[in-house]
1. Stokes-Einstein at 20 °C, 1.002 mPa s, Kirkwood radius from Cα pairs: D for segment 363-426 in µm² s⁻¹?
2. Hey, which of these cross-link pairs are over 26 Å Cα-Cα: LYS176/LYS246; LYS5/LYS84; LYS249/LYS367?
3. For segment 119-229, taking Cα atoms only, what is the radius of gyration to one decimal and the Dmax to the nearest whole Å?
4. Find out how many positive minus negative residues lie around LYS420, taking Lys and Arg as positive, Asp and Glu as negative, among other residues whose Cβ is under 14 Å from that of LYS420.
5. For a paramagnetic label modelled at 7 Å from the Cα of SER374 toward its Cβ, which residues of segment 394-426 fall within the zone defined by backbone nitrogen distances under 14 Å?
6. State the volume of the convex hull built on the alpha-carbon positions of segment 296-426, expressed per residue in Å³ and rounded to an integer.
7. Under 22 Å from the Cα of LYS87, which lysines turn up, not counting those fewer than eight places away in the same chain?
8. With both partners inside the chain, how many of the DSSP beta bridges are antiparallel, as a percent to the nearest 5?
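Read the figures in this text as sums done on the coordinates, not as results from a lab. Predicted model, so just to flag it, every value in this text is computed and none were measured. Here the Cβ positions follow ideal geometry from the backbone for every residue, glycine too, while neighbour counts run over all protein chains shown.
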Amino acid sequence: MEDYKTYTLQNYRSLPQISHIPDECIEAIEIVGRVFPFKTNSYVAERLIDWRNVPDDPIFTLSFPRREMLTPEQYARIRRLVYKQNKRALTDYVSQIRSRLNPHPSDQMRNVPAANGTRLEGMQHKYRETALLFPREGQNCFAFCSYCFRWSQFSGSDEFRFSTGADIAPYLAYVKEHREITDILLTGGDPLTMNPSILRNYIEQFLMPGMDHVRAIRIGTKSLSYNPSMFTTGRHAGAIISLFDKTVKTGKHLSIMAHFTHPVELSTDEAKAAIAAIRSSGAQIRTQAPVMKHINDDPRVWAAMWQRQVELGCVPYYMFVPRDTGARHFFELPLSRCHEIFRRAYSSVSGIARTAAGPCMSTGHGKIQVLGTSEIAGEKVFAMRFVQGQNPELPAVPFFARYDAEATWMDQLKPAFGEKKFFFEL
Ligand code: SF4
């Protein structure tokens with residue numbers, strides 16, 4: 001399903017633009033690329049990266065490993081092992097680092113349901129009405145984001161992977177039995193890396209009798225940024241759009257949950273044509289991304305992105321806070337800064353572009369939105385709320401945390417007003 005030439009650690013030196021990458025960045029790719037999965041493609045290289053601005057270009061940083069993604073000690077040790085060609089010690093040390101990089105942030109393992117005493121390892125029943133399905137054939141991406149929170153899906157270690165097995169019958173039986181599930185999210189990886197006939201097989205399962213309670217099918221994807229011609233001129237374009245069309249005609253809602261990191265991803269003719277093709281099928285496109293230092297930590301970037309999305313017929317959906325995984329120290333921003341970026345972007349676009357919720361943390365309890373800062377009874381606080389909760393009673397209940405200018409995640413915050421616990425911990 002890849003319509004562009006792919007580059008990985010093995011062949012990136014054959015990129016036509018290689019001479020634009022400074023020597024120290026080449027070394028960093030060789031070293032850091034041993035820990036974080038690295039893959040990009042000719043579309044990203046030719047159409048999205050501004051090579052005059054490398055290494056600070058946001059899409060270059062989104063696509064290529066950077067030295068600062070490892071600690072100086074980790075970097076120095078891997079460098080030594082690479083140059084000594086000590087493969088065994090290198091493999092051991094890389095897996096040691098990976099196991100410390102929190103492969104399953106937000107306690108995702110606890111959302112894995114069970115049927116007849118067997119864990120359904122390719123599913124997360126995350127919220128009452130929403131189940132995530134990780135199709136075995138869709139645990140890949142067209143290119144890899146350097147900040148990927150699902151990096152463990154591509155690390156080659158089965159121990160860290162979510163994925164259905166060859167037999168999806170137990171998953172379907174679980175969904176049939178759980179009538180409270182109204183939304184199925186096909187996720188990965190990127191489910192649109194699957195061959196359309198396999199994708200059709202997954203989608204059609206939820207159009208069958210007995211699945212009438214499933215009202216929406218969502219597909220999480222970054223294909224509009226990394227592989228847009230798959231919807232227009234690619235060899236399977238017709239099959240994909242007609243699958244979307246057929247799904248919509250059954251009366252179910254089909255939502256493409258598009259991951260856009262930066263407005264440049266919306267600027268190409270290929271991306272615009274791909275969005276138009278999807279919309280012509282009747283599918284809706286909702287957009288989401290994390291706010292990341294070095295890539296999109298600027299309100300003007302978010303305002304431009306939301307504005308452009310609305311003009312193209314997409315619905316801005318979420319701005320996420322970087323999760324506690326991977327090279328978090330390189331990308332993370334204080335919650336106070338995330339909120340400032342959100343507030344300034346939100347206030348500079350018109351009402352129809354103000355549909356995104358953010359900044360939101362996907363925690364083990366649910367998605368928590370930082371609504372803002374305030375001073376109440378002499379105490380500076382963050383006002384917050386759940387927009388999604390494992391416990392369906394949590395959403396839309398406001399609560400307060402003591403203000404902390406440096407905190408980057410919920411677990412670093414304390415309840416306001418001298419309380420010992422947050423209301424959802426009681
Ligand atoms: S598209 Fe999503 S799953 Fe794929 S590499 Fe990027 S963040 Fe990870």
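1. Estimated diffusion coefficient is 179 µm²/s.
2. Working: LYS176/LYS246 21 Å; LYS5/LYS84 31 Å; LYS249/LYS367 31 Å.
Exceeds cut-off: LYS5/LYS84; LYS249/LYS367.
3. Looking at segment 119-229, its Cα Rg and Dmax stand at 13.8, 41 Å.
4. Details: positive: ARG402, LYS414, LYS421; negative: GLU419, GLU425.
Charge balance in the 14 Å sphere: +1.
5. Hits in segment 394-426 for SER374 at 14 Å: 397-403, 416-417.
6. Details: hull volume 16.1 nm³, N = 131.
For segment 296-426, the hull spanned by Cα atoms encloses 123 Å³ per residue.
7. Correct list for LYS87: LYS39.
8. Of the beta bridges lying entirely in the chain, close to 50 percent run antiparallel.
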